[in-house]
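Read the structure below first, then the notes.
FYI, it's all coordinate maths here, none of it is from the lab. Computed from a prediction, not measured in an experiment: that's the story for all the values here. Note that we place each Cβ from the backbone using ideal geometry, even for glycine, and neighbour counts take in every protein chain shown.
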Amino acid sequence: MSSPESQATSSVRNVALGVCGGIAAYKAVEVLRGLQKAGCNVRVAMTKRACEFVQPLTFRALSGHHVVVDDYAPDNPDPIAHITFSQTVDLLVVAPATANMIAKFANGVADDFLSSTYLACTAPVLIAPAMNTTMLEHPATQRNLERLRADGVHFVEPDAGEMACGTIGPGRLSEPDRIVAAALKILGGSKSKDLSGERLLITVGATREEIDPVRFISNRSSGKMGFALAEAALKRGADVTVVVGVTTAAVPSGVRIVNALSAEEMSHAVARESAGASVFIGAAAIADYRPVQRAEQKIKKSNELITLTLERTPDVLSQVAASRTNGMLVIGFAAETENVVENAKEKLRAKKLDAIVANDVTRQDSGFDSATNAITIITRDEAVELPVLSKRDAADRILDAIVKLRLG
């Protein structure tokens, strides 16, 4: 059997790992580590009984995320964690899954965090049962398992062997590497290479509009979001060209780079490159204004006041949208400080875009040079507000929306 690492999907995937109470709970640590080695971002939910076998601190230290046991606990950072936890993942894995939890899932009982998460989950579910042989073979448990299979739940069947109680027979939790392999097989069936054949043109970073040979007008864009999009798109099979202004983020390998320092240069570069693109993403923070005249020499500090007359720079996003051909999708960004969604929707309409990504740059956890982003993806039909995600995860959600637009 191939290793979990060799079956890793082509982009970062978000996995929720549910851990139930039982002696096999310690093996969930190995499941977590296996998923991480395969490139998955894993968050953990535990039942209260599971905490009697393995402490939440173990999973928190390994995953880097808060471990949810009770969404009403004072230390829980999210008051609706069972919704955001379950609806921002690509797969829910429950290992080990006890007879009690399986019964709850099958009958729609939601009396703790994990069972509530299952009911709220819109992603595929993979369950690895673990229980005494007699409990597994009981007609009630078998009915519950059949009900869940009919509901579309995936299973990693338990192994046969000697239990902790001394019973010999089926019911022992399957080996962690088999659980990880089953999870990666499910994950690999949906997004892997779903952008094959698409040619993405992405603008990234800030532009500089010179005042004199020393000074310029610019902004705080780091290029992190644009480069995250480029990296994610490349791993999902797209051909990617990036028109790059000024950035502080690392350039992902494998993408074609075109440099452009000013708004004028970026406009010309995009005009040259857009003819071969099927998707344009305007992630760059292009300066809206530039000095009408650039001083040939450094302006001296001889006056207390200086007046600069500014003019509009080329509107690259509008130009691409107006000249598009052959079904090109045009996606914009709206970095706002107030009325975020309303302003973004107006930009979507005015520029005739297919979608726009809005974010509030006044937030500490979102916007320029932040490692995370809290975005709302707006199309002509809907506006989807996402929780705070890493910019790499946010990139995949934006690309998901592009795939949906293409299929729609």
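Sorted ascending by nearby beta carbons within 10 Å, beginning with the fewest, ASP90, ASP212 become ASP212, ASP90. Projected label points at THR248 and ASP151, each 7 Å from Cα along the beta carbon direction, are separated by 4.8 nanometres.
Compared with the dominant Cα axis of the chain, that is its longest principal axis, helix 263-273 is turned about 60°.
Here the contact order of region 204-339, divided by its residue count and restricted to Cα pairs under 8 Å and six or more residues apart, works out to 28 percent. Rounded to the nearest 10 degrees, the inclination of helix 391-407 to the longest alpha-carbon principal axis of the chain is 90 degrees. Please go through the residue pairs LYS27/LYS193; LYS235/LYS347; LYS352/LYS391; LYS48/LYS104 and name each one whose alpha carbons sit more than 22 Å apart in this structure. Beyond 22 Å: LYS27/LYS193; LYS235/LYS347; LYS352/LYS391.
The calculated 222 nm mean residue ellipticity attributable to helices in the chain amounts to -9500 deg cm²/dmol, summing -39500 (n - 2.57) over DSSP H runs of n ≥ 4 and dividing by all residues. The ranking of ASP111, ASP400 by Cβ neighbour count inside 10 Å, starting from the fewest, reads ASP111, ASP400. Would you mind telling me which residue in LEU92, LEU145, LEU201 has the biggest mean-square fluctuation in a Gaussian network model of the chain, where springs connect alpha carbons within a distance under 10 angstrom? The residue that fluctuates most here is LEU145. Give me the dipole magnitude in Debye, nearest 20, for region 98-190 about the Cα centre, with unit charges on the beta carbon: positive for Lys and Arg, negative for Asp and Glu. About 200 debye.
With neighbours defined as other Cβ atoms within 10 Å of a residue's Cβ, the residues VAL19, VAL125, VAL403 order from fewest to most as VAL403, VAL125, VAL19. Inter-label distance, ALA371 to ALA140: 4.7 nm, where each label sits 7 Å from its Cα along the C-beta direction. At full extension, THR84 and GLU30 could sit 16.9 nm farther apart than now, given 0.36 nm per residue minus the alpha carbon distance.
Straightening the chain between GLU210 and SER302 buys 31.2 nm, computed as 0.36 nm per residue apart minus the Cα-Cα spacing.
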